[in-house]
1. Could you figure out which of (1) part of a loop (DSSP other than H, G, I, E, B); (2) surrounded by 11 or more Cβ atoms within 10 Å (Cβ to Cβ) isn't true of residue 4?
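Just so it is clear, none of the values below were taken in a lab; they were calculated from the coordinates. Remember, it's a predicted structure, so these values are computed and weren't measured experimentally. We place every Cβ from the backbone using ideal geometry, glycine too, and count neighbours over all the protein chains shown.
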Amino acid sequence: MQEEKNYETLLEQANKVIAELGKSDLPLDRATKLYKEGVKLLDEAAKLLENAKLQFEEVQNSNA
């Protein structure tokens with residue numbers, strides 16, 4: 001079972017991937033794997049952010 005990650009954790013992990021991708025001695029196969037992982041992490045973070053935005057809008061609309 002996969003642990004649910006929060007927005008901050010996803011961004012922290014994505015930043016680690018970015019730092020690793022910045023290394024000049026990184027083999028191409030590892031760089032490709034890291035790139036895919038980074039895209040997945042940022043996509044998950046974007047989904048969490050969108051969900052939070054929708055929840056915020058619901059609260060705003062219910063108080064109007």
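1. (2)
Let's see how each residue does on (1) in contact (Cβ under 8 Å) with a residue 12 or more places away in the chain; (2) part of a helix (DSSP H, G or I); (3) surrounded by 14 or more Cβ atoms within 10 Å (Cβ to Cβ):
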| site | (1), (2), (3) |
| --- | --- |
| 9 | no, yes, yes |
| 20 | yes, yes, yes |
| 24 | no, no, no |
| 29 | no, yes, no |
| 39 | no, yes, no |
| 54 | no, yes, no |
| 57 | no, yes, no |
